[in-house]
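A.B. asks: Handing you this structure, nothing more for now.
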Amino acid sequence: MKNGSIFRSVGHLVSAACLVLATTGGVAAAEVPLADGTHWMKSSEDVKKAYLVGVANVVQIETAYNADNPAAEKTGFSPRLVKGMQGQTLASVMEALDKWYAANPGRLQRPIIETIWFEIVVPGLKTAK
């Protein structure tokens, strides 16, 4: 069994568990806020790192899950995110987000993941080889 198949099986189990939680009184998706600049600017350095590590973990899981799917490898969210973030570090992403939200106080409601995408990933994709 390939790693992608293993992760796909695990993914199905996780999806089923989430469905069970959602239908049996677990945390509903609507109750989980989309983290935005307001959250970012009020967060400690450790919380900011935890958010970014969480995003990185999701990307790693999706990459493994789609390992044997060539279409997803070319056009999926995670491969483009990885390519656009080449050369970035945890510290550089934190600094870029801190600077962007500080320079754009009227846009604190913009989701963090959207800011990462448009301010770091998209410019990185333009320069990536």
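Read-outs: derived from the displayed coordinates by stated rules, not from any lab. As the structure is a computational prediction, the values presented were derived from the model and not from experiment. Counting neighbours? That spans all protein chains shown, and the Cβs are built from the backbone with ideal geometry, glycine included.
A.B. asks: Give a residue-ordered list of calculated ³J(HN,Hα) values for the range 39-50 (Karplus: 6.51 cos²θ - 1.76 cosθ + 1.60, θ = phi - 60°; whole Hz; x for Gly, Pro).
C.D. replies: 5, 4, 5, 8, 7, 6, 4, 5, 5, 4, 4, 4
A.B. asks: Using a cut-off of 30 Å between alpha-carbon atoms, which lysines can reach residue 49, once sequence neighbours fewer than 8 places away in the same chain are excluded?
C.D. replies: Cross-link targets: 74, 83, 99, 126, 129.
A.B. asks: With only Lys, Arg, Asp and Glu charged, each at its Cβ (+1 for the first two, -1 for the last two), find how big the charge dipole of the range 34-127 is about the Cα centre; round to the nearest 20 debye.
C.D. replies: Charge dipole, the range 34-127, about its Cα centre: 240 debye, nearest 20.
A.B. asks: Can you order the peptides 54-65, 85-96 by their average number of other Cβ atoms within 10 Å per residue, highest first?
C.D. replies: Listed from highest to lowest mean packing, they are 54-65, 85-96.
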